[in-house]
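The values are calculated or read from the model by the stated rules, or taken from the named source; none is laboratory data. Quantities reported herein were computed from a predicted structural model and do not represent experimental measurements. Here Cβ is always computed from backbone atoms with ideal geometry, including for glycine, and neighbour counts include all displayed protein chains. Only protein heavy atoms, including side chains, enter the accessible area calculation; ligands, DNA and RNA are left aside. Shrake-Rupley method; radii C 1.70, N 1.55, O 1.52, S 1.80 Å.
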Amino acid sequence: MKKLTAQEEQLMIAVWQVGEGNVKAFMEQLEEQPPYTTVASTIKNLEKKGYVSSRLFGNVYVYKPALSEDDYKKRFMGSVVKDYFSNSYKELVSFFVDQKKLSAQELKDIVKMIESGKKK
């Protein structure tokens, strides 16, 4: 799948929040209110890229995610780790520790999650 632009990613988050809806429903989820035509154009781009699917309901197109948010995160993080951290999650964690974005307690919590095999 093609990478999303920042605008497409923001709209995709709105699509995941709504689940299924029309352009106006997605616009309601956005903090900034771009013109309707911009959002409609962006949603069409997301459809071309395979991130959403559509169906005609009366005279309105209704869109829904073709990819779950979790699947997107897996693909996105996988490519970030591969492209920027030599395919090493250890290097990724080390980066966040070096940048002081990850505390010792958070690191301990991560180790506990790994050992128990559970999320959060």
> Using alpha carbons only, how many degrees (0 to 90, rounded to 10) separate the axis of helix 89-98 from the longest principal axis of the chain?
Replying inline: 80
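Could you tell me which of rounded, prolate or oblate describes segment 1-100, using a ≥ b ≥ c as the square roots of the eigenvalues of the alpha-carbon gyration tensor, with rounded for a/c under 1.5 and, failing that, prolate when a/b is larger than b/c and oblate otherwise?
Details: a/c = 2.92, a/b = 2.21, b/c = 1.32.
Since a/c reaches 1.5 and a/b is larger than b/c, the shape of segment 1-100 is classed as prolate.
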> Using Cα pairs under 8 angstrom and six or more residues apart, how large is the relative contact order of the chain, in percent?
Replying inline: 19
>> Per residue, how large is the accessible surface of the chain? Use a 1.4 angstrom probe and give square angstrom.
In response: 74
> Long-range amide H contacts for ASN22: which residues qualify at under 5 Å (H placed 1.01 Å from N, peptide plane, sequence gap of 5 or more or a different chain)?
Replying inline: TYR63
>> Output the 0 to 90 degree angle, nearest 10, between the alpha-carbon long axis of helix 6-18 and the longest principal axis computed from the alpha carbons of the chain.
In response: 80
> When the solvent-accessible surface of protein heavy atoms is calculated with a 1.4 angstrom probe, in what order do LYS100, LYS108 fall, highest first?
Replying inline: LYS100, LYS108
>> What do you get for the angle between helix 69-84 and the principal long axis of the chain? Use alpha-carbon atoms, 0 to 90 degrees, nearest ten.
In response: 50
> About its Cα centre, how strong a charge dipole does the chain have in debye, to the nearest 20, once Lys and Arg get +1 and Asp and Glu get -1 at the Cβ?
Replying inline: 360
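For segment 47-120, what percent of Cα pairs sit more than 15 Å apart?
Counting every Cα pair in segment 47-120, those more than 15 Å apart make up 71 percent.
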> Taking LYS73 as the anchor, which aspartates and glutamates have their alpha carbon closer than 19 Å to its alpha carbon, excluding any fewer than eight residues away along the same chain?
Replying inline: GLU8, GLU9, GLU47, ASP83, GLU91
>> Past 26 Å, Cα to Cα: identify those pairs from LYS44/LYS74; LYS24/LYS82; LYS49/LYS112; LYS90/LYS112; LYS3/LYS90, in the order given.
In response: LYS24/LYS82; LYS49/LYS112
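Run the accessible area of segment 27-120 with a 1.4 Å probe and give the carbon-and-sulfur part as a rounded percent. Could the numbers behind the result be given before it?
Details: 3960 of 7360 Å².
With neighbouring chains kept in place, the figure for segment 27-120 is 54 percent.
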